[in-house]
Every structure is written in C-alpha cells, then in structure tokens.
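**Student:** My questions all concern the structure below.
The values are calculated or read from the model by the stated rules, or taken from the named source; none is laboratory data. Just so it is clear, the structure is predicted and the values come from calculations on it, not from any experiment. Quick reminder, even Gly has a Cβ in these numbers, built from the backbone with ideal geometry, and neighbours come from all protein chains shown.
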Amino acid sequence: MSGQRIEIAGTDVSFECADGDTILRAGLRASLGLSYECSVGSCGTCRVELVAGEIETVWPAAPGISERDQARGRRLACQSRALSPCTIKTRLVPDNVPPVRPERRPATLIGSRALTHDMREFTFRAEGPASFVAGQYALIEFGPEIGPRAYSMSNLPNERGEWRFVIKRVPNGKGTAALFAATAGARFELDGPYGLAYLRTAPRDILCVAGGSGLSPMLAIVRAAASDARFDGRRITLCYGGRTPDDLCAEAEISMLPGYGTLIRHLAAVSDAEAAARAGYAGKVGFIHAVVEEIFGDTLNDHEIYFSGPPGMGDATQKMLVLTRKVPVNQVHFDRFY
Ligand SMILES: Cc1cc2nc3c(=O)[nH]c(=O)nc-3n(C[C@H](O)[C@H](O)[C@H](O)COP(=O)(O)OP(=O)(O)OC[C@H]3O[C@@H](n4cnc5c(N)ncnc54)[C@H](O)[C@@H]3O)c2cc1C
Ligand code: FES
C-alpha cells in the first residue's frame, strides 16, 4: 500500500501514513506517543499544527476543533488524511506510546446478549489474537456515511481473536442503530486497540467508577485485575451508576469472579429518585461520583482510580477526584465517552 511521509517539525521523527489512514492512527501504529483521547473528532486532544503539506479532512464537521483554530493552521490528527508528504508540529508524550500496536482487521459479529433493556454485549471474532490491555477501546467502522465509533472491550485479551463490547443503544444514534440491527455473521472492520485508560500495575487498591455506557472498560479492568497474580491481595471495587434500577446490571457480570464479596466488591447507585421510589429501590440514590465521594472520602487517595462514562459523568468525576479530593492525576485514568 502506498502512503505519505509525515515529519514532526523540530525532530528527526517521521512515519509513513498509508492511503486512507489518518495521521493519528498512522503515528500510533508507528509506536509514537501522540496526544489523543477519543480518536473520533470529538475531544480536540489530537490537535496539531500543519506546517507543510496537503491533507483532506475525514469529517469536516468534527466538533473537536473550532473554525478559528483551523484558520490558524491547526488540524485534528484523527480527522486528517495526508494527500502529500506533510510536516506537523506536535509534542510527543512518552506515556502515550501505545502498549499494543493498533491494527485494522475484518471482524465477524458472532452474536449478542442483553444486559438491560438498552445495553447488550456484542461478541466479534477476528483473525489473530485479540491483543489489548484491559480498559482500551477499538474503533468499529460503519462506512463513509456514518463513520467510525469507539467501543471499549469488556473481555480479556485472548488468543481466540474474540472481541467483546458492552454497548448502550442511543436513541436516534446511527452507529448503535446499525449494531443493534445487525445479525450474527455481519462483517465489520475493527481498528485498535486505542486508549490510555488501561490497567496499571501500581501498588494500590483499585477503584472503578462507571456511568451508563461506561461499564464495558470497567468490567474489563475488574476481570483483568481479578485474574492477574500481580494484583493478589488488592481490594477491587466496581461502582456503577444508572438512571433507574432497570439500568443496573454490573453485579451479575462480576459476581462469579473468585474473591467476589471479599476482595472484589460492587456498589450501585441510581440517579432518578422518583424512579427509585416507584420501583421500591432500597439502594443508594444519587449521581455515582457523589456516592463514591460520600463512601470513599479521604481514602480516595489510596486508590488507583479508573472511570468511564458520558461527558457529564466524566467531568463531574474528574472534578471531584482531582480538584476537590486532590487525588494525584497520575492515579486517575479515564477516556471520556462522546
Ligand atoms: C473512547 C470511547 C469509548 C467508548 N466506549 C463505549 C462503550 O464501551 N460502550 C458504549 O455504549 N459507548 C461507548 N462510547 C460511545 C460510542 O462511541 C458512541 O458515541 C455511542 O455509541 C453513540 O453512537 P451512535 O452512532 O449510536 O450515536 P450518534 O449520535 O449517531 O453519534 C455519536 C457520536 O458520533 C460522532 N459522529 C457523528 N458523525 C460522525 C462521523 N461522520 N464520523 C465520526 N464520528 C461521528 C459524534 O461526535 C457523536 O457524538 C465510547 C466513546 C469513546 C470516545
Ligand atoms: S478529536 Fe482527535 S482524538 Fe479526540
């Protein structure tokens, strides 16, 4: 496959960007520590300055960059395809070097099972081992009309080439409509793994906080830590917040793990007090970040913390942990969902 050479200004680093690939994904495939978060044009973290060369923008309406920034020559690396050799200005971050090189691969949908009224776990099979670190995500390609969407793996890496994702159906969502309508045997392209909020081996107890669609990577982290001797003796807590009691499903997914009830614990909360009262729900009521703060308080600093969920939940959790509770940023790991 032919491609274009991308040089990083002021360094001797350059990499090949294959035709059809974006500058971000090509750079990560070359094991470079580029800055990014969502890979799909929403967060703005992958902004670079285009110093020389010609690019085409995959999704011109991507919300991650303003017109003003574009007028100043800035571009989203995740939305840029090189049409000529290019020079970009960006800062490489050693911590962002991918732990596993991302790859594109055709994948077949094997089937799905319901977790709640609007969440299902989808299983795909692809050639070669499913290599990733728990907490990472892959991009599912839905074609030029819809574009790619990011989904976090819920299972453990494996040699069988099995990729699982817990996905929440979004009303009027194009990608989830296509997925929930798909039947076994449907073919997709998977590209990954991506993401920096993956399981770290720090010597602390583990706290995973998920809201709504954010369950998938937190399940993977709990499952991975529970099956890895390096985490023996650590307490692992999964806190899951839904809107109503009908949204709660996390306990059933982890209650079979060895150590459940002692070292591995689950805590749930629902945010809709009226729905909770109507259902006679006797558990915690409140936003999950507030419930976590109430329960863990000053001990939050003793944990390695992972969280995932929609932007509102993510912002509130990050603010509570880092600004209010002063948990060191290197103990807090997240990829915001958009
Ligand atoms: C890192 C990450 C991990 C995620 N993990 C999960 C998960 O495990 N489970 C889960 O349920 N959800 C997850 N999400 C959310 C998921 O990616 C989708 O946003 C969600 O499923 C809604 O998609 P939709 O197509 O149904 O909705 P839509 O409303 O059609 O689209 C949703 C988003 O896609 C973007 N978009 C729209 N058009 C385009 C285009 N042409 N090209 C590229 N992007 C476009 C928009 O920013 C929009 O916010 C994750 C998101 C991110 C960023
Ligand atoms: S906008 Fe490119 S990584 Fe989020």
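**Student:** Look through region 196-206, keep the residues that are in a loop (DSSP other than H, G, I, E, B) and more than 15 Å from ligand 1 (Cβ to nearest atom), and return whichever of them is surrounded by the most Cβ atoms within 10 Å (Cβ to Cβ).
**Tutor:** Among them, the one singled out is L199.
**Student:** What number of residues within region 166-195 are touching a helix residue (DSSP H, G or I) at 6+ places or on another chain (Cβ under 6 Å) and of a type outside the set (V, I, T)?
**Tutor:** Counting residues in region 166-195 that are touching a helix residue (DSSP H, G or I) at 6+ places or on another chain (Cβ under 6 Å) and of a type outside the set (V, I, T) gives 2.
**Student:** Quick test of your reading of the structure: A282 fulfils all but one of (1) touching a strand residue (DSSP E or B) at 6+ places or on another chain (Cβ under 9 Å); (2) in a loop (DSSP other than H, G, I, E, B); (3) among the hydrophobic types (A, V, I, L, M, F, W, C). Name the failing condition by number.
**Tutor:** (1)
**Student:** A follow-up question, please. Go through region 22-31 and count every residue that is touching a helix residue (DSSP H, G or I) at 6+ places or on another chain (Cβ under 9 Å) and either more than 14 Å from ligand 2 (Cβ to nearest atom) or among the hydroxyl-bearing types (S, T, Y) (or both).
**Tutor:** 1
**Student:** Would you check which residues across region 157-195 are closer than 26 Å to R223 by Cα, more than 10 Å from ligand 1 (Cβ to nearest atom) and in a loop (DSSP other than H, G, I, E, B) and list them?
**Tutor:** Across region 157-195, the qualifying residues are P157, E159, R160, G161, A184.
**Student:** Considering only residues of region 193-219 that are small (G, A, S) and under 11 Å from the mean Cα position of the chain (by Cα), which is modelled with the lowest pLDDT?
**Tutor:** S213
**Student:** A further question follows. In region 314-332, what residues are buried (at least 16 other Cβ atoms within 10 Å of the Cβ) and more than 12 Å from ligand 1 (Cβ to nearest atom)?
**Tutor:** Across region 314-332, the qualifying residues are A316, T317, Q318, M320, L321, R325, V327, Q331, V332.
**Student:** Would you please name the residue that is farthest from L28 (Cα to Cα), looking only at residues in region 193-238 that are of a type in the set (D, E, K, R) and out of contact with any strand residue (DSSP E or B) (no Cβ under 7 Å at 6 or more places or on another chain)?
**Tutor:** Applying the filter and picking the extreme gives D232.
**Student:** Check I167, I206 and return the single one that is under 30 Å from D298 (Cβ atoms) and away from ligand 2 (no atom under 16 Å from the Cβ).
**Tutor:** It is I206.
**Student:** Name the single residue, out of those in region 64-83 being part of a loop (DSSP other than H, G, I, E, B) and out of contact with any strand residue (DSSP E or B) (no Cβ under 6 Å at 6 or more places or on another chain), that is farthest from ligand 2 (Cβ to nearest atom).
**Tutor:** R72
**Student:** Would region 121-130 turn up any residue that is among the acidic types (D, E), touching a Leu at 6+ places or on another chain (Cβ under 8 Å) and either within 16 Å of ligand 1 (Cβ to nearest atom) or at pLDDT 95 or above (or both)?
**Tutor:** Checked against the condition, which is being among the acidic types (D, E), touching a Leu at 6+ places or on another chain (Cβ under 8 Å) and either within 16 Å of ligand 1 (Cβ to nearest atom) or at pLDDT 95 or above (or both), region 121-130 yields at least one hit.
**Student:** May I pose another question? I'd like to know if region 236-256 contains one or more residues that are more than 22 Å from the chain's Cα centre (by Cα) and buried (at least 16 other Cβ atoms within 10 Å of the Cβ).
**Tutor:** Yes: one or more hits.
**Student:** What about V285, is it more than 22 Å from the chain's Cα centre (by Cα), hydrophobic (A, V, I, L, M, F, W, C) and buried (at least 21 other Cβ atoms within 10 Å of the Cβ)?
**Tutor:** On the way: more than 22 Å from the chain's Cα centre (by Cα): yes; hydrophobic (A, V, I, L, M, F, W, C): yes; buried (at least 21 other Cβ atoms within 10 Å of the Cβ): no.
Criteria not met by V285.
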